[in-house]
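A.B. asks: Take a look at this one; I'll ask things after.
The values are calculated or read from the model by the stated rules, or taken from the named source; none is laboratory data. Since this is a predicted model, take the numbers as computed values, not measurements. Here the Cβ positions follow ideal geometry from the backbone for every residue, glycine too, while neighbour counts run over all protein chains shown.
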Amino acid sequence: MKKRGERVSRERRGSGLEEEPLKTEEDYQCSGNVELDFPELCALHGMREIPLVKLKQPLVSSPPTDSGETDLCYCLGWRVDEMMVQVLNKTLPSLSNLQCLKMWRTGITENILTSLRNTIIMCTNLRTVILEGNPIPEQSYHILMGEDSMINHLSLRNNRIGEEGARLIGSALSTVHSANKNLLTLNMAFNCIGDEGAIYISQGLRFNRTLLCLSLANNQIGDTGASSLAEVLGPFALTHEEIIERRQLMVDQLVITAVSKCEGSLSVPSSSSIDHMNKGSKSIPKKKVQSVLSLSLSLSLYLSLYLNYSFVNNKDIVNQEEALNPLLDPDIRHADGKVIHPGNNTLISLNLSGNKLTEQSVQKFLSSVVGQDEGGLLHFFLNRNCFPKDCDAFLKILELMSLKDPLNKTSSGQGDEEQGQEA
């Protein structure tokens, strides 16, 4: 066999045929089968220890999927370093059916998290990201919640997130100028954001109208942070900065309305009429005609803007923007010299189990829930806090939520311990 191989190689050399060069990780084309692509890419990167890839057997009740398709990817307990993240950056986007990525205790750094964020963006169907047990000193988890992020469900449990991380996450949820419009559930249980962190998160909830479920269980939150969370769930007063931004948005809407009306009222002359005008009145200079038209347009725009500003009702001004920007909510009212916002009625589930709340903050939550006209909290978990189980304020909250629950199920916040663990 050895001599035969030598003879074949001599024949190739003699015939002028070049041997195929060795493949590199850049030349490798993923097939979409993780059992084949992942080990091959690890080998091309020169890894000595390649993690074993196991395919989870689908449940009997699960719908059948095409052969080789992967919808869940778990990285549990093995280190994801710079070399491994390059493999994932090539492998994950090729999994067209990938919907969930879970990374538990993988030792990632800020640079690796940034690289993973770019990879997640390229995964068209990936909507659930679970990043747990991965403390990062910079606490830059907010980069997964940018305006270009398509993540619907994000879990950041047990990452030692403190005040700074909560501040960044709160800003990613919403500010006066921007808001995340895709994230539906956020799980930050088993961190240490404290009262200051809870205040930052509450600021992010002021103008976020997408998030449905939030868990801040076991985060060392006391009455100060809880009261701030309760405030945004009910009617609250806008700050000076928010009032200025609201006025600017209203002026922008006035200008758009005025311009659209001016465009409809001003007719553009046809080419034949222009030619006729030029032939019949050659004595009128072209620049003079343009200046007259420009002056007429400016006067019409100014008049339309003035009339709109003087006579149009605020609710008529806010058309499509009212559904997108909470600062243009038609239910905003004025009272005692303040501009009162109706509050966040989008959040339907809040978990504050395992914190340091007393009856004082629970009473504030009751006031906020009472002030919610439509929508609002349906599930409120407060087990393992510093108030008795028969607290009147909490029992009244549960009663109010059960009346609003479309499934007519009694919400229980003092029940199973597992709910605090799963949240």
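A.B. asks: Does Gly337 satisfy being farther than 22 Å from Gln203 by Cβ and modelled with pLDDT of 95 or more?
C.D. replies: In short, no.
A.B. asks: So if I check each of Met188, Met145, Met150, which one is closer than 14 Å to Gly225 by Cβ, free of Cβ contacts under 8 Å to residues at least 60 places away in the same chain and among the hydrophobic types (A, V, I, L, M, F, W, C)?
C.D. replies: Details: Met145 fails: closer than 14 Å to Gly225 by Cβ; Met150 fails: closer than 14 Å to Gly225 by Cβ.
Testing whether each residue is closer than 14 Å to Gly225 by Cβ, free of Cβ contacts under 8 Å to residues at least 60 places away in the same chain and among the hydrophobic types (A, V, I, L, M, F, W, C) leaves just Met188.
A.B. asks: Then there is this: Out of (1) among the charged types (D, E, K, R); (2) surrounded by 21 or more Cβ atoms within 10 Å (Cβ to Cβ); (3) at pLDDT below 95, the odd one out for Asp148 is which?
C.D. replies: (2)
Conditions (1) more than 20 Å from Ile193 (Cα to Cα); (2) under 15 Å from the mean Cα position of the chain (by Cα); (3) basic (Lys, Arg), marked per residue:
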position	(1), (2), (3)
Thr91	yes, no, no
Ser94	yes, no, no
Leu98	yes, no, no
Leu113	yes, no, no
Leu116	yes, no, no
Thr128	yes, yes, no
Asn134	no, no, no
Ile143	no, yes, no
Met150	yes, yes, no
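A.B. asks: Regarding Ile199, is this residue at pLDDT 95 or above and of a type in the set (Val, Ile, Thr)?
C.D. replies: Considered against the rule, which asks whether it is at pLDDT 95 or above and of a type in the set (Val, Ile, Thr), Ile199 comes out as yes.
A.B. asks: If you don't mind, another one. Would you mention how many residues in the stretch 35-74 are modelled with pLDDT of 85 or more and hydroxyl-bearing (Ser, Thr, Tyr)?
C.D. replies: Total satisfying the criteria: 1.
A.B. asks: Taking the condition modelled with pLDDT of 50 or more and on the phi < 0 side of the Ramachandran plot, does Asn313 pass?
C.D. replies: So Asn313 does not fit the description; no.
A.B. asks: For Ala179, indicate whether it is crowded, with 22+ Cβ neighbours inside 10 Å and either of a type in the set (D, E, K, R) or in the same structural domain as Ser349 (by TED's automatic domain parsing) (or both).
C.D. replies: Against the criterion (crowded, with 22+ Cβ neighbours inside 10 Å and either of a type in the set (D, E, K, R) or in the same structural domain as Ser349 (by TED's automatic domain parsing) (or both)), Ala179 does not qualify.
A.B. asks: In addition: Regarding Ser31, is this residue modelled with pLDDT of 85 or more, among the small types (Gly, Ala, Ser) and surrounded by 14 or more Cβ atoms within 10 Å (Cβ to Cβ)? If you could, list the steps in order and put the result at the bottom.
C.D. replies: Values: modelled with pLDDT of 85 or more: yes; among the small types (Gly, Ala, Ser): yes; surrounded by 14 or more Cβ atoms within 10 Å (Cβ to Cβ): no.
Against the criterion (modelled with pLDDT of 85 or more, among the small types (Gly, Ala, Ser) and surrounded by 14 or more Cβ atoms within 10 Å (Cβ to Cβ)), Ser31 does not qualify.
Residue by residue, here is whether (1) modelled with pLDDT under 95; (2) in contact with a Ser or Thr (Cβ under 6 Å, 6 or more places away or on another chain); (3) crowded, with 19+ Cβ neighbours inside 10 Å holds:
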site	(1), (2), (3)
Thr114	no, no, no
Met122	yes, no, no
Asn125	yes, no, no
Val129	no, no, yes
Pro135	no, no, no
Leu144	no, no, yes
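A.B. asks: Follow-up. When only residues in the stretch 200-224 that are surrounded by fewer than 22 Cβ atoms within 10 Å (Cβ to Cβ) and among the β-branched types (Val, Ile, Thr) count, which is nearest to Leu347 (Cα to Cα)?
C.D. replies: Thr210
A.B. asks: Hey, another quick one. Is it the case, given these coordinates, that Ser361 is crowded, with 21+ Cβ neighbours inside 10 Å, among the polar types (S, T, N, Q), part of a helix (DSSP H, G or I) and in contact (Cβ under 8 Å) with a residue 60 or more places away in the chain?
C.D. replies: Considered against the rule, which asks whether it is crowded, with 21+ Cβ neighbours inside 10 Å, among the polar types (S, T, N, Q), part of a helix (DSSP H, G or I) and in contact (Cβ under 8 Å) with a residue 60 or more places away in the chain, Ser361 comes out as yes.
A.B. asks: Then there is this: Out of (1) of a type in the set (Lys, Arg); (2) closer than 24 Å to Cys100 by Cβ; (3) crowded, with 22+ Cβ neighbours inside 10 Å, what's the single condition that is false for Arg160?
C.D. replies: (3)
A.B. asks: If you don't mind, there's one more thing I want to ask. Answer yes if at least one residue in the stretch 173-191 is in contact with a strand residue (DSSP E or B) (Cβ under 6 Å, 6 or more places away or on another chain), of a type in the set (S, T, N, Q) and closer than 23 Å to Glu374 by Cβ, and no otherwise.
C.D. replies: Checked the stretch 173-191: at least one residue is in contact with a strand residue (DSSP E or B) (Cβ under 6 Å, 6 or more places away or on another chain), of a type in the set (S, T, N, Q) and closer than 23 Å to Glu374 by Cβ.
A.B. asks: Return a yes/no flag: does the stretch 261-274 have any residue that is under 31 Å from the mean Cα position of the chain (by Cα), surrounded by 12 or more Cβ atoms within 10 Å (Cβ to Cβ) and either modelled with pLDDT of 55 or more or assigned by TED's automatic domain parsing to the domain that holds Phe381 (or both).
C.D. replies: Among the residues of the stretch 261-274, not one is under 31 Å from the mean Cα position of the chain (by Cα), surrounded by 12 or more Cβ atoms within 10 Å (Cβ to Cβ) and either modelled with pLDDT of 55 or more or assigned by TED's automatic domain parsing to the domain that holds Phe381 (or both), which makes the answer no.
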